[in-house]
1. Scan segment 7-19 and give yes if some residue there is at negative phi, small (Gly, Ala, Ser), surrounded by 12 or more Cβ atoms within 10 Å (Cβ to Cβ) and assigned to a helix (DSSP H, G or I), otherwise no.
2. Going by the structure shown, is residue 75 under 15 Å from the mean Cα position of the chain (by Cα) and modelled with pLDDT under 95?
3. Restricting the search to segment 20-38, which residues are among the basic types (Lys, Arg) and part of a helix (DSSP H, G or I)?
4. Residue 41: in a helix (DSSP H, G or I), β-branched (Val, Ile, Thr) and either without any contact (Cβ under 8 Å) to a residue 24 or more places away in the chain or touching a strand residue (DSSP E or B) at 6+ places or on another chain (Cβ under 8 Å) (or both), yes or no?
5. Filter segment 46-56 for residues that are in a helix (DSSP H, G or I) and loosely packed, with under 14 Cβ neighbours inside 10 Å and give the result.
6. For segment 23-30, indicate whether the set of residues that are in contact (Cβ under 8 Å) with a residue 40 or more places away in the chain, at negative phi and not basic (Lys, Arg) is non-empty.
7. Would you be able to say whether some residue in segment 25-36 is among the small types (Gly, Ala, Ser) and at pLDDT 95 or above?
8. Considering only residues that are more than 19 Å from residue 63 (Cβ to Cβ) and β-branched (Val, Ile, Thr), look in segment 2-49 and name the one that is nearest to the chain's Cα centre (by Cα).
Amino acid sequence: MQTPFDWLTLMVFTGLVVLMLHRSAAEEPVDKLWHYAPPAVGCAVVNYIGNEGHITLAIFGLVAVILYILLVLRPKISL
């Protein structure tokens with residue numbers, strides 16, 4: 001846990017896991033388990049790319065992962 005990408009991808013991945021666990025407890029499943037694979041793998045790839053020093057590419061990748069979560073998985077966000 002030495003770079004900002006370690007922390008950023010950990011936060012996104014943790015939110016993804018919480019979303020998956022919350023939805024898996026529902027009586028009727030909203031989505032399939034494989035829907036969570038692309039953003040999970042994306043977090044690992046973004047972390048690797050960011051740690052290798054390709055900051056711009058890693059930022060675009062992280063934005064893509066977050067957009068996938070928002071547009072495909074559609075979590076209900078309430079404040």
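The values are calculated or read from the model by the stated rules, or taken from the named source; none is laboratory data. Given the structure is predicted, the values throughout are model-derived calculations rather than measurements. Don't worry about glycine lacking a Cβ; one is built from the backbone with ideal geometry, like all the others, and counts go over all protein chains shown.
1. Initially, segment 7-19 is screened for residues at negative phi, giving 7-19.
Narrowing the set further to residues that are small (Gly, Ala, Ser) leaves 15.
Subset that is surrounded by 12 or more Cβ atoms within 10 Å (Cβ to Cβ): 15.
Filter once more, so that each one left must be assigned to a helix (DSSP H, G or I): 15.
Yes, there is a match, as at least one residue in segment 7-19 is at negative phi, small (Gly, Ala, Ser), surrounded by 12 or more Cβ atoms within 10 Å (Cβ to Cβ) and assigned to a helix (DSSP H, G or I).
2. yes
3. Matches in segment 20-38: 23 only.
4. Details: in a helix (DSSP H, G or I): yes; β-branched (Val, Ile, Thr): yes; either without any contact (Cβ under 8 Å) to a residue 24 or more places away in the chain or touching a strand residue (DSSP E or B) at 6+ places or on another chain (Cβ under 8 Å) (or both): yes.
Yes; evaluated as a whole, the condition is true for this residue.
5. Within segment 46-56, the first condition is being in a helix (DSSP H, G or I), and the residues that meet it are 46-51, 55-56.
Across segment 46-56, the qualifying residues are 55, 56.
6. Within segment 23-30 (the criterion being in contact (Cβ under 8 Å) with a residue 40 or more places away in the chain, at negative phi and not basic (Lys, Arg)), the answer is no, since none of the residues qualifies.
7. So in segment 25-36, the residues among the small types (Gly, Ala, Ser) come out as 25-26.
With the extra rule that they be at pLDDT 95 or above, the set shrinks to none.
No, there is no match, as no residue in segment 25-36 is among the small types (Gly, Ala, Ser) and at pLDDT 95 or above.
8. Checked segment 2-49; the qualifying residue nearest to the chain's Cα centre (by Cα) is 17.
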